[in-house]
Amino acid sequence: MKLAVYPGSFDPLTNGHVDIIERGTHLFDKIIVAILVNVEKAPLFTMQERVEIVREVFKESPNVEVDVFDGLLVDYVTRRKADVIVRGLRALSDFEAEFQMALMNRRLGPKIETVFMMPAEQYTYISSRLIKEVFSLGGQVRGLVPAIVESRLKDKQLKKGNANVS
Ligand code: PNS
C-alpha cells in the first residue's frame, strides 16, 4: 500500500490543490491531505473550516483522507507510516524553497521521498494568498476555488460587512 501525505496550509483549498490531490489518487493507494496547525498566526479559515472544506470536496473519494498535524512534517509522515510527501510545483519561482524543503526533509527522514507534481496549466498562477487578496478586493474567484470555498468566502465577507455596520 503506497501512502502519500500532501501537506500544506490550505487557507483556503484552491482548484490547484484539488487538481494535485486528484492526480495523487491515481499514483497512490491513499493520499492524506495534512493541514498544518498554526501555520499563520491569523489564518482566514479556522482549522475546522479547512478540514470541513477538504472533506466536502472529496466526500466521494474514499482514498483521500484529511488530517491535521503540527511539529515536523517528517515526524508526522513517519507516524502515519507513509512513504511519500507530495508537493505541487507551479512555476520556477516555487522551486528554490521546495528544493530546500525537500532536501531538509530527506536529511531528517532519509526513507521518505518527496514527489513533485505539476497542476494543470490553468492553475499554475493560483495561490491561496492571491485568492484571498483578489476576493477581499471584490474580484471574481469562480473557477479558481471549489464552490464551497467561494460560498464560505462570501459568508465571511457578509459577516465582516455586518460587523462593520453594527
Ligand atoms: O501550504 P504551505 O504553506 O506551502 O505548506 C508548507 C508546509 C506545511 C509543507 C511546511 O511549512 C511544513 O512542512 N511545515 C511543518 C514543519 C516542518 O517540518 N518544517 C521543516 C520543513 S523543511
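Selection of the stretch 121-141 for residues being loosely packed, with under 14 Cβ neighbours inside 10 Å and either in a helix (DSSP H, G or I) or in contact with a helix residue (DSSP H, G or I) (Cβ under 6 Å, 6 or more places away or on another chain) (or both) yields 121, 122, 129, 133, 136. Could you tell me whether residue 61 is surrounded by fewer than 20 Cβ atoms within 10 Å (Cβ to Cβ), within 23 Å of residue 147 (Cα to Cα) and under 9 Å from the mean Cα position of the chain (by Cα)? No; evaluated as a whole, the condition is false for this residue. Counting only residues that are closer than 22 Å to residue 18 by Cα and either open to solvent by 40 Å² or more (accessible area, probe 1.4 Å) or more than 12 Å from the ligand (Cβ to nearest atom) (or both), how many does the stretch 71-82 have? Going through the stretch 71-82 one residue at a time, the tally reaches 2.
Among the residues making up the stretch 95-114, those that are more than 9 Å from the ligand (Cβ to nearest atom) and acidic (Asp, Glu) are 96, 113.
When restricted to residues that are open to solvent by less than 50 Å² (accessible area, probe 1.4 Å), more than 17 Å from residue 119 (Cα to Cα) and either near the ligand (Cβ under 10 Å from one of its atoms) or part of a loop (DSSP other than H, G, I, E, B) (or both), the stretch 10-41 contains 5.
One line per residue, one yes/no per condition, for (1) under 29 Å from residue 85 (Cα atoms); (2) modelled with pLDDT under 95; (3) over 16 Å from the mean Cα position of the chain (by Cα); (4) among the basic types (Lys, Arg):
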position	(1), (2), (3), (4)
96	yes, no, yes, no
104	yes, no, yes, no
110	yes, no, yes, no
114	yes, no, no, no
121	yes, no, yes, no
128	yes, no, no, no
146	yes, no, no, no
161	no, yes, yes, no
165	no, yes, yes, no
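Looking across the stretch 118-131, the residues that are touching a residue at least 12 places away in the same chain (Cβ under 8 Å) and within 14 Å of the ligand (Cβ to nearest atom) come down to 119, 126, 127, 128, 131.
Put simply, of 93, 151 the only residue that is among the polar types (S, T, N, Q), out of contact with any helix residue (DSSP H, G or I) (no Cβ under 9 Å at 6 or more places or on another chain) and open to solvent by less than 90 Å² (accessible area, probe 1.4 Å) is 151.
The values are calculated or read from the model by the stated rules, or taken from the named source; none is laboratory data. Remember, it's a predicted structure, so these values are computed and weren't measured experimentally. Every residue, glycine as well, gets a Cβ built from its backbone with ideal geometry; the counts of neighbours run over all protein chains shown. Just the protein is used for accessible areas: all its heavy atoms, side chains included, with ligands, DNA and RNA removed. Shrake-Rupley method; radii C 1.70, N 1.55, O 1.52, S 1.80 Å.
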